[in-house]
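In what follows, a structure is listed as structure tokens, so that the remarks can point back to it.
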């Protein structure tokens, strides 16, 4: 069907009439959706409240459970609304009643779409907006809410619109098997995956906008053509093809994962190695099998007799070993934390006393934008007050904020925060329970602080060792300082630059060891993907008066020798040739780790599979008399993307019947007047002598 | 020769099965054209292709001078279509149905709408879903006629209607013929109504067009011959191939043959069958059409020879 | 006007032929007079619920045979002149009717004398009623 333009001005009554009819007909879905979404979001909101009120929940800022409901609910609602608008009217007399009207099919489509979006707005937009407002309303959640936290709702909402158009497409599309009808949802699904994993908000918006364009074009083209693929304009066909192709890819990934996960056992070893300090000040290597310690060896690899017995391989081994951990954040901004779906870049929850003790009635957050610590009542959700460098003030008025850059604790250090708050210009000690703050360390002029940490507050240790049990360590641009809480300097070392190469430093004091040495222990980053890896570690042992007693170096160890063959073969079979080429170019280092035979096999197998797919595609295209341009296009796609192109072609195109040609005897498609082999037309239906033809 | 509807080798497959095979016909302007055929012979499929609601596998059709697959809105405004199921939106009232439809058509004669609605005694505020079958047909007819279309395409319009509603439908069709340029193309199984109202007919037999002619031509082409066998003579067990043979009914002393397009040659052939008398008997339109549409050849619903049964009964 | 036409569907006789026959029968029975107006094509079609073209054909044939005449602007009327058939045509028609009558009577078992007697009786009867009718009968 040829439509002259995308939008044609209809008689003014027609568009409004269609819009009204669609709204009236599908209003019930708006109500159903509104009720369903509201119920679901309310349930999640309750959950959220419980989480924040409970004293055991440490909020890591990654994502809120609410957004699980928004993305799934929006997707489901959009899809169902789209299906509801098409499935009843797509064929037969109902289609006739809709389509036989003096309006362009395009106008009918836009009327439906406008109505559908309005219904979607009510069913999804209203509840989601309400929940976001509820979240931000002071007193509902003990949280320093900023409007940026609601951004995922916007992208999820838009993603649902993609599902809406996918629903329209699915309802309209001619497809021989029920399963292949649902493939149109592929583009929407891919869109959802991308928008929930993308880091940036605007890229996610772009993806959704792109999804809306593709799914919208596919839906419109299919609607105007009455369901058939072949009659649509090039752009529409490309959009439908992309949707179906993505659907097959998604289905393929899911389908492949099942046998793959059975076939390939995880190749990372269940055997891991860790280095730790024993009570008497020895550095030992602990080997874990399935997360249980099995061996204890010294640095030369000799198993240690006294720890052979499992009974002794427990906490008694590390009795009274105290440590303070410092982490050195990477100089680059942490994109993971800055993701729009995360609040890690907005505020950091502060807690004291280790990660298993309950939190108490107040929730404390350092708010980046304000440079202050906010205190909220877990019970009532209201703001209690603010903590600045000068102390805590109750009430909404904000005191002087912290000036320097906040040094956020990283990784495992975050769970061992202790009472320390680190800024580039000072280190503070917090007592959240008492709502007190004091300065722990003031750098010299020109000196910046890199990291700081303190030992845990442990009443048993305090009782046994008194003030010696509370110590802190600070690493600055000039020096490393270890001091007791009361200010007594234990160690002061010049900065040797290790923070550039190591991501964490620990100050370890085995209190029972003879001479009470102090260990300064650096660990490097980089765990191997396959096999077990041991980080590079550099440890310096100091005597209590600051002289170096010993240096230890543990080099990094990789047991990774490159991809094992079974996995390599599986990957070669499954990933299409085109993708392999791109991966090989982008990820040279992985290629370099492979042996030559692996590299050859890694390209030969996908190439072979692609060529086979291309052959299958080409032979079918030829047998069904596709235009030569089409034959070539599908063939090139098959070479790049492999068997999924063949499947897409099968699911996408309208495959006509074939009959034996009455003239030449070969199979010919029934859609062409003239045989593609011998150019003879179809024979007219056979007469039986009873015909009466006459027109006067 | 340009008709209001023209098809050229129009063909439609569903999977491997041909629903419409090489249909070539012309519907003259101003005619009342009956489209006949048994259930499942392809009539509804043809109508859907004519209206561009389904795409043909092969071939083409033109309606009002436009390709069916690209009917512009002004052409659609001049074509009224009523489907077999009298589709309506059930939640609209009778009045709302009229208002809704009227917003699409540049020319809407509300008097006609009201007249048909009144004729079928429809309550303006009754919901379409609550109407009876005949009432739905009336409402469907009202919205089809109100735009005063040049071409009316009706797919089995009287399906399921009671006699009163059928009569009203017939009256509407006659009313439409007041416009000299207005054409009606309809399919039906009610042969009495077809006989009353149609000028032309086309017959679709298992996806193939077998007849397309004025109704009188059809009547004059289908003849029935009675061959009487007296005394000991019996009708031959095997008949020679007779061109145009539609139907044979035999009993002990008679052969009744229905033949399409019988000519001199046929008469001569019949005389060779050894009957005492060959008599041409008049055929009603109903019988002619049923004979034409039924299976060709020697068939009958009654499997055994009726006279044989009677003889057996007499003996007991 | 005493002309009533009704048609049967499904009959062996086509509808237009039924109309023609009924108009002729009405003339024979003296139910219509010359110059009497007939319903228009459309009016008759709508009354009988048939296609106006069929009525048109019937009227057309009747006009060709001189039984009806169309007066422009005023409609269809019974023609004044009744006799347009040639002698030979009239003879052929009456011969056909008589043959049918006599052979049927023989089949019913009547004798020749009985048939002639019956015919004479009927002729006298019909002539008398034609005299009585205001239209003066169809025999002139």
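The values are calculated or read from the model by the stated rules, or taken from the named source; none is laboratory data. Since we're looking at a predicted model, the values are computed, not measured. Neighbour counts run over all protein chains shown; Cβ positions are idealised from the backbone, glycine included.
Before moving on, here are some points about what is shown:
- For residue B:66, the criteria (1) more than 8 Å from chain A (Cβ to nearest Cβ); (2) surrounded by fewer than 22 Cβ atoms within 10 Å (Cβ to Cβ); (3) within 30 Å of residue B:218 (Cβ to Cβ); (4) in contact (Cβ under 8 Å) with a residue 40 or more places away in the chain hold in every case but one, which is (4).
- Scanning the range B:276-316 for residues that are surrounded by 13 or more Cβ atoms within 10 Å (Cβ to Cβ) and modelled with pLDDT of 80 or more yields a count of 14.
- Single match in A:72, A:86 (criterion: buried (at least 22 other Cβ atoms within 10 Å of the Cβ) and in a helix (DSSP H, G or I)): A:86
- Matching option when the condition is part of a strand (DSSP E or B) and either facing chain A (nearest Cβ under 8 Å) or surrounded by fewer than 20 Cβ atoms within 10 Å (Cβ to Cβ) (or both), among B:21, B:74: B:21
- Taking the range A:384-409 as the range and being under 32 Å from the mean Cα position of the chain (by Cα) and buried (at least 18 other Cβ atoms within 10 Å of the Cβ) as the test, the residues that pass are A:407, A:409.
- Qualifying residue in the range B:86-103 (condition: within 8 Å of another protein chain (Cβ to nearest Cβ), surrounded by fewer than 21 Cβ atoms within 10 Å (Cβ to Cβ), free of Cβ contacts under 8 Å to residues at least 12 places away in the same chain and on the phi < 0 side of the Ramachandran plot): yes
- Test result for residue A:586, within 30 Å of residue A:246 (Cβ to Cβ) and out of contact with any helix residue (DSSP H, G or I) (no Cβ under 6 Å at 6 or more places or on another chain): yes
- Contact annotation: residue pairs with Cβ atoms under 7 Å, 6 or more positions apart or on different chains, pairing a residue in the range A:242-258 that is farther than 23 Å from residue A:633 by Cβ with a partner that is surrounded by 16 or more Cβ atoms within 10 Å (Cβ to Cβ), are A:256/A:574.
- So residue C:51, is it within 14 Å of another protein chain (Cβ to nearest Cβ) and surrounded by 16 or more Cβ atoms within 10 Å (Cβ to Cβ): yes
- Condition met for residue A:138 (within 30 Å of residue A:381 (Cα to Cα), more than 17 Å from the chain's Cα centre (by Cα) and touching a residue at least 24 places away in the same chain (Cβ under 8 Å)): yes
- Filtering B:29, B:48 for residues that are closer than 23 Å to residue B:72 by Cβ, more than 10 Å from chain A (Cβ to nearest Cβ) and either part of a loop (DSSP other than H, G, I, E, B) or under 18 Å from the mean Cα position of the chain (by Cα) (or both) leaves a single hit, B:29.
- The residue pairs whose first member lies in the range B:229-252 and is within 14 Å of chain A (Cβ to nearest Cβ) and at positive phi, whose second member is outside any loop (DSSP other than H, G, I, E, B) and buried (at least 16 other Cβ atoms within 10 Å of the Cβ), and whose beta carbons are closer than 6 Å, counting only pairs six or more residues apart or on different chains, are B:244/B:259; B:244/B:260.
- Complete set of residues in the range A:1-18 that are surrounded by fewer than 18 Cβ atoms within 10 Å (Cβ to Cβ) and at pLDDT 90 or above: A:16
- Among (1) within 14 Å of chain B (Cβ to nearest Cβ); (2) at pLDDT below 90, the one test that residue A:54 misses: (1)
- Residue C:4 vs. criteria part of a loop (DSSP other than H, G, I, E, B), on the phi < 0 side of the Ramachandran plot and surrounded by 16 or more Cβ atoms within 10 Å (Cβ to Cβ): no
- Flag if residue A:612 is at pLDDT 80 or above and under 28 Å from the mean Cα position of the chain (by Cα): no
- Any chance residue C:38 is farther than 22 Å from residue B:177 by Cα and crowded, with 17+ Cβ neighbours inside 10 Å: no
- Taken as a whole, the condition of being in the same structural domain as residue A:100 (by TED's automatic domain parsing) and either in a loop (DSSP other than H, G, I, E, B) or in contact (Cβ under 8 Å) with a residue 40 or more places away in the chain (or both) does not apply to residue A:39.
- Filter result for the condition that a residue is surrounded by 14 or more Cβ atoms within 10 Å (Cβ to Cβ), free of Cβ contacts under 8 Å to residues at least 40 places away in the same chain and closer than 26 Å to residue C:123 by Cα, over C:45, C:26: C:26
- The single condition among (1) under 30 Å from residue A:550 (Cβ atoms); (2) at pLDDT 90 or above that residue A:286 does not meet is (2).
- Residue within the range B:110-118 that is in contact with a strand residue (DSSP E or B) (Cβ under 9 Å, 6 or more places away or on another chain) and either within 13 Å of another protein chain (Cβ to nearest Cβ) or not in a loop (DSSP other than H, G, I, E, B) (or both) present: no
- Annotation note: of B:169, B:159, the sole residue that is within 20 Å of the chain's Cα centre (by Cα), buried (at least 20 other Cβ atoms within 10 Å of the Cβ) and farther than 23 Å from residue B:3 by Cβ is B:169.
- Residue match in the range B:114-136 (condition: surrounded by 23 or more Cβ atoms within 10 Å (Cβ to Cβ), closer than 18 Å to residue B:83 by Cα and within 20 Å of the chain's Cα centre (by Cα)): no
- Assessment of the range B:267-281 against the conditions (within 12 Å of another protein chain (Cβ to nearest Cβ) and within 30 Å of residue B:32 (Cβ to Cβ)) yields at least one matching residue.
- Qualifying residue in the range A:232-253 (condition: part of a loop (DSSP other than H, G, I, E, B) and at negative phi): yes
- Output for the range A:89-112, where each listed residue is in contact (Cβ under 8 Å) with a residue 12 or more places away in the chain, in a helix (DSSP H, G or I) and within 7 Å of another protein chain (Cβ to nearest Cβ): A:95, A:99
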